[in-house]
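The values are calculated or read from the model by the stated rules, or taken from the named source; none is laboratory data. Only a predicted model underlies this, so the values are computations on that prediction, with no experimental measurement involved. Reconstructed Cβ throughout: ideal geometry from the backbone, glycine too, with neighbour counts over all protein chains shown. Keep in mind that these areas ignore ligands, DNA and RNA; they rest on the heavy atoms of the full protein, side chains included. Shrake-Rupley method; radii C 1.70, N 1.55, O 1.52, S 1.80 Å.
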Amino acid sequence: MRDVCDYIVRNRTRRHTLKALAARASMSPFHFQRSFKRIVGVTPREFIDGERLKDLKSKLRGQATVTQAIYDSGFGSASRVYERVDSRLGMTPREYRAGGAGVEISHAAADSALGRMLIGATDRGICFLQFGASDAVLLEALAAEYPRATLRAMPASQRDAFDTWMQELARRIEGDAAGANLPLDVRGTSFQLKVWKTLLGIPRGAVASYAEIARAVGNPRATRAVANACAANRIAILIPCHRVIRGDGTLGGYRWGVARKRALLDRERAGETRTR
């Protein structure tokens, strides 16, 4: 399967049929389809589209026209791209080529028990929640995905909502029972969304292994893909990737540092003990 994936990556703009890819793996199309999804975590078509979208994003940030970028990336029509932009690009190709021009993200930073934290929100909800060494580092991370989006400090009209969010986040960091659900603007691939939804079902103070999450989303061998989905999470705490550990019981990695992961789990477990 690794050889097939490498072949697709090298030839992402070509037209690939299930029959041809199966022949390359010396399998029947039916067996290949099932084996590919079990091992890679997505279907061959989803993998091909994902690679083409990576290429499209690169071209859109260059000088190519939208139409040229779409066809040069291997998509047979613009409609195939627009069917996928809401979950993959997060915006239309024309908006992405403009680096997020027209997209408005309000942001505000605050201190927390785990360090400086920045929230970014669209009109849909929180799209960014991360820890960093300074406000400058956090703003740079926010701007990296949308270099020409309109980033503005949280306006006075939203301060009450922001204060409510921060109070709720402070409770969660300390391991207290979560209160009201906060609004989220979550963007990702279909597989990432499945993983993140599963993470939301892990109880406070509990943990699950990458293999257990893979089984829960119907892809038992996709442990590496699960780990990648956790690493791609942009919304700390609210999508609790800190509750996923290795099968041997060790913590594993964490995008915002293993020390923060350990602190979050310790606080949640202490909170569970207090409520018993």
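Taking region 137-152 as the range and being over 12 Å from Ala108 (Cα atoms) and open to solvent by 20 Å² or more (accessible area, probe 1.4 Å) as the test, the residues that pass are Val137, Glu140, Ala141, Ala143, Ala144, Glu145, Tyr146, Pro147, Arg148, Thr150. Taking first residues from region 20-40 that are part of a helix (DSSP H, G or I) and partners that are of a type in the set (D, E, K, R) and open to solvent by 60 Å² or more (accessible area, probe 1.4 Å), the Cβ contacts under 6 Å between residues at least 6 apart in sequence or on separate chains come to Pro29/Lys19; Arg38/Arg221; Ile39/Arg221. Checking each residue in region 115-136 for being surrounded by fewer than 18 Cβ atoms within 10 Å (Cβ to Cβ) and either more than 17 Å from the chain's Cα centre (by Cα) or not in a loop (DSSP other than H, G, I, E, B) (or both) picks out Gly115, Arg116, Asp123, Ala133, Ser134, Asp135, Ala136. Scanning region 206-224 turns up no residue that is within 20 Å of Leu129 (Cα to Cα) and either aliphatic (A, V, I, L, M) or open to solvent by 60 Å² or more (accessible area, probe 1.4 Å) (or both).
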